[in-house]
Amino acid sequence: MKIIFFISVFILSLHSASFNCKTANTFIEHTICNNAELSKLDDILATTYKQTMSKVSNKENLKKIQFAWLKNDRASCKNVQCLKEVYSKRIEFLKQYDDKKIFNNPFEGEYRVNYSVLTIENNYDFMIVKVDPHNLRTCTTDGKFRNINNTIF
């Protein structure tokens, strides 16, 4: 019986999350502690975050966006697959993070729904083009979004 206990403790110690699994309280923390791949991703994320933090000039901003990621993106996950995806994306984001860029717009791109196209530029300028399919007339609106806590208005 003692051998099984020690083997179990040894196996659990192989899952080395970036936090103390003995104090895990939430579903996400327990899930990370009980999944070797997630535990490894958590370690990689912690290391990448520290490396990125050592290179940026605005450390407070990086802290804020990291806490927002924890509170919003990671906290919204309800299963292992979701956690793996948000961790992988976050690691890539942190590897490429450069606070010296004038703009860092995660919403940049073109979005299409039916006969409408929303284009968001890196500087948050936007343009909406809607085509009426019956008479092929277009309606165009443009402006500038504001980014507040990774939500655009």
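The values are calculated or read from the model by the stated rules, or taken from the named source; none is laboratory data. Everything numeric in this text was worked out from a predicted model, so none of it was measured. Cβ sites come from the backbone with ideal geometry, for glycine too, and all protein chains shown count toward neighbours. Quick note on the areas: whole protein, heavy atoms, side chains included, nothing else; ligands and nucleic acids left out. Shrake-Rupley method; radii C 1.70, N 1.55, O 1.52, S 1.80 Å.
In summary, segment 25-70 shows an alpha-carbon radius of gyration equal to 1.32 times the 2.2 N^0.38 Å reference for compact globular proteins.
So, with a 1.4 angstrom probe, what is the percent of accessible area on segment 20-141 that is carbon and sulfur? Of all accessible area on segment 20-141, carbon and sulfur atoms account for 54 percent. Computed from the C-beta positions of residue 115 and residue 72, the FRET efficiency with R₀ = 22 Å rounds to 0.10.
Note the full-extension length gain between residue 53 and residue 138 as 0.36 nm times their separation in residues minus their Cα-Cα distance, in nm to one decimal. Before the final figure, lay out the partial values.
Numbers: separation 85, 0.36 × 85 = 30.60 nm, distance 4.64 nm.
Gain in length upon complete extension: 26.0 nm.
Between residue 131 and residue 105, the FRET efficiency estimated from the beta carbon spacing at R0 = 25 angstrom works out to 0.45. Return the tail of the calculated pair distribution for segment 38-153, meaning the percent of Cα-Cα pairs more than 24 Å apart. Here the long-distance tail beyond 24 Å is 42 percent of all Cα pairs in segment 38-153. For the pair residue 82 and residue 37, label points projected 7 Å from Cα toward Cβ lie 1.7 nm apart.
If r is the Cβ-Cβ distance from residue 123 to residue 18 and R0 is 35 Å, what FRET efficiency results, to the nearest 0.05? Don't skip to the end; give the middle numbers.
Details: r = 35 Å, r/R0 = 1.00.
It comes to 0.50.
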